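**Q** My questions will all concern the structure given below.
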Amino acid sequence: MMQTNRAVYRRFKNRIVLGMMALAVIVCLIPLAALMTTLLSNGLGSLSWSFLRQRTEEGAGVGNAILGSFLILLAAAVFAVPLGLALGIYLTQRGTTRLASASRLLLDVLSGIPAIIVGVFIYTIVVRKSGFSLHVGFSTLAGALALSIIMLPIFARATEEALKAIPKTVDEAGLGLGLPRRTVVLRILIRAASPSILTGLFLALARVAGEAAPLLFTTDKSEYWPSHGVKDLATLKPLTEPISSLPMVVFNYTTSPKPELNAQAWGAALLLVIMVLTIRLSTKAYTAWRYGGKDGHV
Amino acid sequence: MKSPLVEEEEPGTVPDVRPVPPKPTMMAMSKPLPVPAQRTAAPVEQAPARIAVRNLEAGYGNHKVLKSINMDVPPRSVTAIMGPSGCGKSTFIRCINRLHEETHGAWSRGEVILDGQDLFHPSIDPVDMRRKIGMVFQRPNPFPTFTIYENVAAGLRLNGFRRGAKLDERVEKSLRRAALWDEVKDRLHTAGTGLSGGQQQRLCIARAIAVEPEILLADEPASALDPVATERIEELLLNLKQDYTILLVTHNIQQAARVADRTAFFLLGDLIEYGPTNDLFTKPKDSRTDAFISGRFG
């Protein structure tokens, strides 16, 4: 009698807790679902072939902004990857030193700095054409620098964690083969950690891909294609010119009084989300294909 | 730098032409051994040892793990280092390829003499030296994201050995030597981590012998494996001793009895007893050895 009562009570408790957890999941999914449906219902209408291909001149399309976003992200990765890798390696190889703990603290502080402050900072020392500054003007270069500062703490800590997750015995196996430590780190550990490092990189890229605040003060906007052909790109001149990007289009068009531009802002926002999702899913697919496991785990 | 790797000869036949020492060299050990200095000096002169350990002490920070070890290891044989957990047996063999010093806070003093040369001498580069002394670890540790082929080739490739038919040959030879070739020849370019535990450990042995070392250190190589895989590893060690001087750490008494020509018994950082395996197991001279092999502790 007692036994059955207890069993019934236990099953009842079990159901209540399960129900609460299911409810929590649904509550979490509601904002996501609402966001996606709003985005799709408002944005899908603007999507068309010409919207993807034409320049932002007179609201014709967002082609130059798509390309611009990719170029800024690429340039930001060029700055952030070597630095982040170096930092991550340093933090794992000399992790117990004072300088290492100080760097770790600084990286954490850096990741807490609002993006707009980073934008203003780069504006002051790179963009501005007066005072103590590089006098570069609004440019891809300045935007990439701003985004790379935001990416750096994310990517460096991801690299550190990825390297830390490689068992110590792998390190020792490399040393045991008579390889110098630099070879073990650069050719074995970095490679062994590369799926997680790649995941970290693309998380960092996805994080900054949607940032408008730092670009506001650094890239400005442009109605033209970022470059006029390969020759122009080779001179690196486009790097020093203002450039268009999807977050800036979303920002500018949303605040515009013209309803047709408001509609285009939804389209650009949808593209931005698709872009970030594509980056994320293709990393997953690549690491799964290349290393035969879920990302980070071989 | 390259020369030791590019040589084409069989590993064992290269430098070592000295005769195998008469078997019962250490008979001088008949009395109990409280005074380390007395145990060693005499027998060394009579029988050239491949590795001679003199007054080796090692530890971490204030903690002394090894207390003045003296030991001679004859060439082309399996020497077992046996003892309960925490007796310093792993630390001991990690001193021989100087992997011990790579741990934070680790120290060691004394001499480890290989072919008449002190490996602790300041003029010795541990990186070059480790190429002569291969190591197999407690847990199989193939390089993550490396294929089977790349794992075996790693020690050669990362030391500047070119890709090509010669490398293929070396990889095949090493895998055959490690009794793994037939199982993996059709999947050389799949992940090394995809193999079973026992296969992974044989892969690690193949990786270690691919750089053609002269000494092979094995730190409880079968402790993470099932009995069948353990038996294969033991067979392999017996096979490899024709060419290599093998030091085998084990906490498994039966394993020492099955595989080793000579056995050393370590307890709390002291070398308690060392001699031909048969003698040590049938008529141990120290009561503690007797207690350990008859299973009364450890």
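None of the figures in this text is laboratory data; all of them are computed from the coordinates on show. Keep in mind the model is a prediction, meaning the values are calculated, not measured. Positions of Cβ are backbone-derived with ideal geometry, glycine not excepted, and every protein chain shown enters the neighbour counts.
**Q** Normalised by the residues of segment A:47-290, what does the relative contact order come to in percent, with Cα pairs under 8 Å and at least six apart?
**A** Relative contact order for segment A:47-290 comes out at 25 percent.
**Q** Right, something else. Using Cα centres only, tell me the gap between segment A:130-185 and segment B:240-261 in whole Å.
**A** Answer, in whole Å: 44.
**Q** Going Cα to Cα from A:Lys231, which lysines come in below 30 Å? Please leave out same-chain ones fewer than 8 positions away.
**A** The reachable lysines, counting only those whose Cα sits under 30 Å from A:Lys231, are A:Lys129, A:Lys221.
**Q** How much length is gained if the chain between B:Glu57 and B:Glu183 is pulled fully straight, taking 0.36 nm per residue apart and subtracting their Cα-Cα distance, in nm to one decimal?
**A** Contour length minus the Cα-Cα distance gives 41.1 nm.
**Q** Mean Kyte-Doolittle hydropathy of -0.5 or higher plus an axial Cα length of 30 Å or more: which whole DSSP H helices in chain A meet both?
**A** Going by DSSP H runs, the hits are A:2-43, A:63-93, A:140-164, A:259-291.
**Q** Also, I was wondering about something else. At A:Ala263 and A:Leu29, where each label point lies 7 Å from the Cα along Cα→Cβ, what is the point-to-point distance in nanometres?
**A** So the label points at A:Ala263 and A:Leu29 sit 3.3 nm apart.
**Q** Let me ask another. Between segment A:194-213 and segment B:197-226, how many Å separate their Cα centres?
**A** 39 Å
**Q** How large is ³J(HN,Hα), in whole Hz, for each residue of segment B:247-259 in order, when computed from phi with the Karplus curve 6.51 cos²θ - 1.76 cosθ + 1.60 and θ = phi - 60°, using x for Gly and Pro?
**A** In residue order, the calculated couplings are 10, 10, 8, 8, 9, 9, 4, 4, 4, 4, 5, 6, 9 Hz.
**Q** With runs of 4+ DSSP H residues as the only contributors, calculate the mean residue ellipticity of chain A at 222 nm using -39,500 (n - 2.57) per run, divided by the residue total and rounded to the nearest 500.
**A** Mean residue ellipticity at 222 nm (helix-derived): -22500 deg cm²/dmol.
**Q** Another question, then. Assign one of three labels to segment A:47-290, namely rounded, prolate or oblate, based on the Cα gyration tensor with a ≥ b ≥ c the square roots of its eigenvalues; rounded applies when a/c is under 1.5, prolate when it is not and a/b is larger than b/c, and oblate otherwise. Working shown, then result.
**A** Working: a/c = 2.31, a/b = 1.77, b/c = 1.30.
Prolate, because a/c is 1.5 or more and a/b exceeds b/c.
**Q** Return A:Thr159, A:Thr97 ranked ascending by Cβ neighbour count within 10 Å, so the fewest neighbours appear first.
**A** Neighbour counts put them in this order, fewest first: A:Thr97, A:Thr159.
**Q** Per residue of B:127-135, what is the mean number of Cβ atoms on other protein chains within 10 angstrom of that residue's Cβ?
**A** Other-chain Cβ atoms within 10 Å of each residue's Cβ, averaged: 4.
**Q** Moving on to the next point. Could you tell me the relative contact order of segment B:46-85? Use alpha-carbon pairs under 8 Å, at least six residues apart, and round to a whole percent.
**A** 39 percent
**Q** With a cut-off of 8 Å between alpha carbons and a minimum separation of six or more residues, what is the relative contact order of segment B:248-298 in percent?
**A** Values: 49 pairs, mean separation 12.8, N = 51.
Reported as a whole number, the value is 25 percent.
**Q** If you count, for every residue in B:143-153, the Cβ atoms of partner chains within 10 Å of its Cβ, what is the mean?
**A** Shielding by partners across B:143-153 averages 4.
**Q** Please say if segment A:1-128 is rounded, prolate or oblate, where rounded means a/c under 1.5 for a ≥ b ≥ c the square roots of the C-alpha gyration tensor eigenvalues, and otherwise the choice is prolate for a/b larger than b/c and oblate otherwise?
**A** oblate
**Q** Express in nm, to one decimal, how much length is gained between A:Leu236 and A:Leu18 on full extension, taking 0.36 nm for each residue of separation and deducting their alpha carbon distance.
**A** 72.6 nm
**Q** Go ahead and run the numbers for FRET between B:Glu102 and A:Arg280, Cβ-Cβ distance against an R0 of 41 Å, rounding to 0.05. Walk me through the intermediate numbers first.
**A** Working: r = 38 Å, r/R0 = 0.92.
For B:Glu102 and A:Arg280, the calculated efficiency is 0.60.
**Q** Counting other beta carbons within 10 Å of each Cβ, put A:Ser256, B:Ser123, A:Ser194, B:Ser90 in order, fewest first.
**A** B:Ser123, A:Ser256, A:Ser194, B:Ser90
**Q** Work out the FRET efficiency for A:Leu106 and A:Val78 from their Cβ-Cβ distance, taking R0 = 22 Å, and round it to the nearest 0.05.
**A** Calculated value: 0.50.
**Q** For labels at B:Ala291 and A:Ser256 in the simple 7 Å Cα→Cβ model, what's the distance in nm?
**A** About 8.9 nm, to one decimal.
**Q** Starting from the Cα gyration tensor of segment A:194-281, take the square roots of the eigenvalues, sort them a ≥ b ≥ c, and report rounded, prolate or oblate (rounded when a/c is under 1.5, otherwise prolate if a/b is larger than b/c, else oblate).
**A** Verdict is oblate for segment A:194-281.
**Q** If we count every other residue with Cβ under 14 angstrom of A:Met275's Cβ, Lys/Arg +1 and Asp/Glu -1, where does the sum land?
**A** Details: positive: A:Arg207, A:Arg280; negative: A:Glu211.
Taking every Cβ under 14 Å from that of A:Met275, the sum is +1.
**Q** Okay, next question. Taking the alpha-carbon distance from B:Lys285 and a cut-off under 16 Å, which aspartates and glutamates remain once sequence neighbours fewer than 8 residues away in the same chain are dropped?
**A** Correct list for B:Lys285: B:Asp270, B:Glu273.
**Q** Considering chain A as a Gaussian network with a 10 Å cut-off on Cα pairs, which listed residue, A:Leu233, A:Leu198, A:Leu189, attains the greatest mean-square fluctuation?
**A** Of A:Leu233, A:Leu198, A:Leu189, the Gaussian network model singles out A:Leu233 as fluctuating most.
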